[in-house]
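A short worksheet on the structure shown next.
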Amino acid sequence: MRPVTLEQRTYYNPVKPTIDYIQTRFDEYNERFFSSSLPPIPIRLSHAKGFLGKVTFTRKRKGLFARYQNTDFVLRINVRIDLPQEVVDDTILHEMIHYYIAVNQWNDTSTHGELFRHEMARINREGNRHITISHRLSDAEQAQARIHKGRVVAVVTFADGRTGVKIVPKQIRHILAWDKQARRAFGCQLSAISRQPSAVNFQLPLQGVGGLSAITWYYTDDEYFAKYPSSTALRIYLIDDPQSLPLANAHRLSLADGKVRLILNPDNNLRW
Ligand SMILES: [Zn+2]
C-alpha cells in the first residue's frame, strides 16, 4: 500500500495510466528487477481515495495442518489523480515489491519493513529510480486531484434531537472562537428553539435559537463536505440523517484549555 502525503514538488508530464500501460511496465520491470520471477497478476484501475497503488491478497490454508499461503493477488493502481509518469512508474515498482514479498510467502518486519526497504534500495540503485515508502503530492497534484483537502467540521447536536454541521476555517483561532461563540449563543436561550422544518442545506441562524447538546469536532478530507461553505459565521446546516455523515475515517479534534489537539485516525493518511 502506498499512502499519500503532501509536499512541494515539481509537476510535469501527467499521465493517466491504462491497464495496458501498467501491464507493459509490469512485464518490463519483472524481467529487469525480479528475473521474471513474478507470476502474472490481475491489474485493476482504482478511483478510491487515500492510496496510489495497492496489492491485495487473501491468506488461505491448503490443508488442516498446512501453513497459510498468500493467494488471489490483485494489483490496483489509482487513476483518480493524473500523476507524472515517473511517479506512476515508481508506484508500480513499489507495489511490485509488496507482491514479490507476498508471493514468495515471506514475512517482513512490518508493512514497509527490512525486506521491503532492502528491495526498494536495490531497485533504486540498479534502476536509478526514486521509489519511496509514501508518495508526496505536490500542490499542483493536490489542487488537481481535489482530494485530501482537509476540512474542519463541527457536528452540532441540539437538545431537540436535531443535528447540523458547520465547516470552519482550519486555523486554530477560528476553531476555538467558533466553538466558544456557539456555546455562548446557545447557553442562555434554551426556550427559543426554532420550529422551522429541518432539511438538508437548510440554514439555521444560530442567534435566537437554543438547545445545544454537544459540539463534536472532526478533521476530514471527505468530499461530501465540499458542498458546505467554510466560514466563521454562526450558521449551521441541518442534516436529515446524521448517521449517514461520512465521518468514520475522519480525525477527531479535541478542544481544551485554548488548545486544539488532533486525534489521528489510523485509517486516514490526511495530514494537517
Ligand atoms: Zn506500500
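Readers should treat all values here as calculations from the given coordinates under stated rules, not as data from a laboratory. None of the values given here were measured: they were computed from a predicted structure. As a convention, Cβ positions derive from the backbone with ideal geometry for all residues, glycine included, and neighbour counts pool all protein chains shown.
Projecting label points 7 angstrom from Cα along Cα→Cβ for A48 and Y224 puts them 1.7 nm apart.
With 0.36 nm allotted per residue and the present C-alpha distance subtracted, the D257-Q171 stretch has 29.3 nm of extension available.
How much length, in nm to one decimal, is gained on full extension between D241 and I19, taken as 0.36 nm per residue of separation minus their Cα-Cα distance? Present the calculation step by step, with values, prior to reporting the outcome.
On the way: separation 222, 0.36 × 222 = 79.92 nm, distance 3.91 nm.
Working it through step by step, the gained length comes to 76.0 nm.
Ranked by the mean number of other Cβ atoms within 10 Å per residue, highest first, peptides 165-172, 91-98 order as 91-98, 165-172. Taking each residue as 0.36 nm, the span from A66 to S134 lengthens on full extension beyond its C-alpha to C-alpha distance by 21.0 nm.
Electrostatic bookkeeping for R44 treats Lys and Arg as +1 and Asp and Glu as -1; over the other residues with beta carbon under 11 Å from its beta carbon, the sum is +2.
Which of the aspartates and glutamates could a cross-linker bridge to K54, judged by Cα under 12 Å and excluding same-chain residues fewer than eight apart? Of all the aspartates and glutamates, those that pass the test against K54 - Cα under 12 Å, at least 8 places apart if same chain - are E95.
For A233 and Q85, the FRET efficiency from 1/(1 + (r/R0)^6), where r spans their Cβ atoms and R0 equals 45 Å, is about 0.50.
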